[in-house]
């Protein structure tokens, strides 16, 4: 890195060779080392806004071509010094504007006093340096747009915003002294496809609150660092996935309709405090996945919609540009500047906040032109198909860029259809994601477990169907927030039977999930059997943990995480066909199902037996290949989990089977799973 003196000499030399800068200004050498930019234009110190730029011709060309992926280093607000004068540089893209000014606390929100200058290169970028504006100043862009419309917009590239319902941006940067070098150096092994990947999905606003009766009271990022980090560590999850932390206007959108694609929400603190939360998780060996939403955005007046009076960020054709499900607007993936904006946003979270991956929301709606549209309400692409060609190209470029620049991360698609090759590399004609949510497994599994156990024998094919297509993708098994809202009921009450059977069924379901191939995701509250649907306005029902049934459920999930992380057979080949084998599907009437999980060493192989009915089955016989000595590693009916504890397998006897394998004599508890290793 160059020294401050080196930087000043470089800036002075550039100024000397620029005829638009006066020789007298060269001698001032007033541009400090904080300016590491390729180009500075004429600076007129007589104006309230100095004509100053950080853009090069190459930067402009890449921005317009959709190939500029670090726009956050150019746009927005940047505090720096020009000619020994501290201030803030502003840059905003408003290609159809006729006038743009900065109004804020510093000028009593005067819309006329501080106009920006438009670049004379048809880029549509308005910019300028305003002296004596520092960190922490609220501002907006006042825009005269198409047909004279007057707009006041927040800064799309701001790193910090006012706390809602206020809507101004705040001058701020993302500087932070990271302490997670150990994690960053080793995280490739933690995030690999052959590593345990158990995700705790969290909505920060409602995980825990300082006042559970006040929906406007939040734990700060610092309080989350103190409380959430040790909890996740204790529970044994390998990763946390935060529902969108990007700034958003409406609490009820849960962050999925955002306005600030480069800003952690101010609901919980500053960008530095959010960085400290990520840092603390990393220091405890816990990865951080962020939900990210490049599919749509809301129509709030201060946001991206009709940014300069026209369809700047969204498609102008509402057959492509409007989301009927969410009353929101779809990014124009064909426009180079929008593509640069979105991929820069994705890189920003991995670069500035050390995210270990992104879970990309609503991918299906991006790929399909007919998504949630009636016949005649959408137009086929140029080849007559239903694919959004620009969105497909964008997704491929997104994934290629992220894996090129951050090879140790995972990019995960929330995609709910049968679109092929979602998690295959682009060089194999895939979309390039690292993983995909396995929505089919989730729906089929929950449908099966909702059945009264007496009828499960008639639905075994639905239960086993997941392995027919599992190897088409790299799947993550999600039991997410979507399954416990909007009248779908909490996980516990999806289970049939009396109270004991509900808990037993849920422990059985979780054991099946953790021993099924693939990564895992469990939404907060599911781990202790919440009895109410998730409500973003209140905290989780932590008071339930005073009951043995819920505390036992929580301990069961903790031990399942330990089992998953400690048994190589559960993760070494979790995406390979030879990592799984059915052992017994021939007892439909009893609803007993058995399968094996296999790792690199046969001695580590596991045998899992699921008893899907409340009938205890002592002395159950099962044949398994090989001559391994087996012992019980996990029993979901353990008393410590609020099970009966009546049937265990302290010593497993084996005898030769007719087919050359082993005949095992086992005790199968009711509505329970046992894991042998």
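The values are calculated or read from the model by the stated rules, or taken from the named source; none is laboratory data. Note that the structure is a prediction, hence the values are computed from the model and not measured. Note that each Cβ is placed from the backbone with ideal geometry, even for glycine, and that neighbours are counted across all protein chains shown.
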In segment 621-637, the residues that are crowded, with 20+ Cβ neighbours inside 10 Å and under 25 Å from residue 506 (Cα atoms): 622, 634, 635, 636, 637
Which one is nearest to residue 278 (Cα to Cα), of the residues in segment 330-387 that are in contact with a strand residue (DSSP E or B) (Cβ under 6 Å, 6 or more places away or on another chain) and assigned to a strand (DSSP E or B)? 357
Can you name the residue in segment 306-325 that is surrounded by fewer than 19 Cβ atoms within 10 Å (Cβ to Cβ) and part of a loop (DSSP other than H, G, I, E, B) and is also nearest to the chain's Cα centre (by Cα) among such residues? 325
Could you list, in sequence order, the residues of segment 218-256 that are closer than 18 Å to residue 534 by Cβ and free of Cβ contacts under 8 Å to residues at least 12 places away in the same chain? 231
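Condition check ((1) surrounded by 23 or more Cβ atoms within 10 Å (Cβ to Cβ); (2) touching a strand residue (DSSP E or B) at 6+ places or on another chain (Cβ under 8 Å)) across all residues:
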residue	(1), (2)
529	yes, no
535	no, no
538	no, no
557	yes, yes
565	no, yes
574	yes, yes
578	no, no
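One line per residue, one yes/no per condition, for (1) more than 23 Å from residue 169 (Cα to Cα); (2) assigned to a loop (DSSP other than H, G, I, E, B); (3) in the same structural domain as residue 133 (by TED's automatic domain parsing); (4) at pLDDT 95 or above:
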| residue | (1), (2), (3), (4) |
| --- | --- |
| 35 | no, yes, yes, no |
| 48 | no, yes, yes, no |
| 55 | no, yes, yes, yes |
| 67 | yes, yes, yes, yes |
| 86 | no, no, yes, yes |
| 91 | no, no, yes, yes |
| 96 | no, yes, yes, yes |
| 100 | no, no, yes, yes |
| 122 | yes, yes, yes, no |
Considering residues that are without any contact (Cβ under 8 Å) to a residue 60 or more places away in the chain and buried (at least 23 other Cβ atoms within 10 Å of the Cβ), the number found within segment 327-341 is 3
Just give me the residues in segment 282-303 being crowded, with 24+ Cβ neighbours inside 10 Å and without any contact (Cβ under 8 Å) to a residue 60 or more places away in the chain, in sequence order. 297
Could you pull out the residue among 569, 673 that is in a helix (DSSP H, G or I) and either at pLDDT below 95 or surrounded by 19 or more Cβ atoms within 10 Å (Cβ to Cβ) (or both)? 569
Among the residues in segment 388-407, are any on the phi > 0 side of the Ramachandran plot and in a loop (DSSP other than H, G, I, E, B)? no
Hey, among the residues in segment 413-466 that are surrounded by fewer than 17 Cβ atoms within 10 Å (Cβ to Cβ), modelled with pLDDT under 95 and assigned by TED's automatic domain parsing to the domain that holds residue 394, which one's nearest to the chain's Cα centre (by Cα)? 417
I'd like to know if segment 104-121 contains one or more residues that are surrounded by fewer than 14 Cβ atoms within 10 Å (Cβ to Cβ), free of Cβ contacts under 8 Å to residues at least 12 places away in the same chain and at positive phi. yes
Determine, yes or no, whether residue 287 is out of contact with any helix residue (DSSP H, G or I) (no Cβ under 9 Å at 6 or more places or on another chain), in the same structural domain as residue 423 (by TED's automatic domain parsing) and modelled with pLDDT of 95 or more. no
Would you pick out the residues in segment 136-171 that are outside any loop (DSSP other than H, G, I, E, B), farther than 27 Å from residue 272 by Cβ and modelled with pLDDT of 95 or more? 142, 143, 144, 150, 151, 152
Pairs only if they're at least six apart or on different chains, beta carbon under 8 angstrom, first in segment 315-326 and not assigned by TED's automatic domain parsing to the domain that holds residue 338 and at pLDDT below 95, second in a strand (DSSP E or B) and surrounded by fewer than 12 Cβ atoms within 10 Å (Cβ to Cβ); list them, first residue then second. none
